[in-house]
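Worksheet: the structure to be examined is printed underneath.
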Amino acid sequence: MSTTPEEVERIATEAATKAARAAVLEATPGREELARIVSETVKQTLVQLGVDAQDPLQMQRDFQHLRQWRRAGEDLRSKGMLALLGIFLTGLVSLVGIGIKEWFTR
């Protein structure tokens, strides 16, 4: 029994596909290994950022402090803009008032 070139190609393709799947499954880490890799990567990233990952409560306090600083900065910026606007409007109203007073005293 002779095989046709199409059958040879089909058999070769199936064999290559099976071999590739087996290689991928063999190279893929298990769930535990993947969890360990992710955990280690996160710890390394936190260390590079200067965060102590060993004490999560202290880390949460640090982030809370940063949030308070950010909010204080935002409040300062908005209140500063309101103060500048108030000064500008007060000066403008005073200028108009002085102009009207001068106009009537002529």
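Since every read-out is calculated from the coordinates, none of them should be taken as a lab result. Remember, it's a predicted structure, so these values are computed and weren't measured experimentally. Cβ coordinates were reconstructed from backbone atoms using ideal geometry, including for glycine residues, and neighbour counts include every protein chain displayed.
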- Mind pulling the angle between the C-alpha long axis of helix 31-48 and the longest principal axis of the chain? Nearest 10 degrees, somewhere in 0 to 90. 30 degrees
- Query: What spacing in nm lies between the two simple spin-label points modelled at V42 and T13, each 7 Å away from Cα in the Cβ direction?
  - Reply: 4.3 nm
- Task: Starting from the Cα-Cα distance between R71 and A22, subtract it from 0.36 nm times their residue separation and give me the gain in nm to one decimal.
- Result: 12.2 nm
- Relative compactness, the stretch 1-53, computed as alpha-carbon Rg over 2.2 N^0.38 Å: 2.21
- Stokes-Einstein D (µm²/s) once Rh is taken as the Kirkwood radius of the stretch 55-106 over alpha-carbon pairs, at 4 °C in 1.567 mPa s: 89 µm²/s
- Just add up the charged neighbours of L82: K/R +1, D/E -1, any other residue whose Cβ is under 14 Å from the Cβ of L82. 0
- The list [x] 16.3; [y] 22.3; [z] 14.8 gives values of Kirkwood radius over Cα pairs in Å, and only one came from this structure; which label was calculated from it? [y]
- Message: Ignoring everything except DSSP H segments at least 4 long, calculate the 222 nm mean residue ellipticity for the chain; use -39,500 (n - 2.57) per segment, divide by total residues, nearest 500.
- Response: -30500 deg cm²/dmol
- Between the Cα axis of helix 56-104 and the main Cα principal axis of the chain, the angle (0 to 90°, nearest 10) is 30 degrees
- Task: For the chain, with a Gaussian network of springs between Cα atoms less than 10 Å apart, report the residue from S78, S94, S39 with the top mean-square fluctuation.
- Result: S94
- Relative to the chain, whose Cα atoms define the longest principal axis, helix 5-27 and its Cα axis are tilted in degrees, nearest 10, by 60 degrees
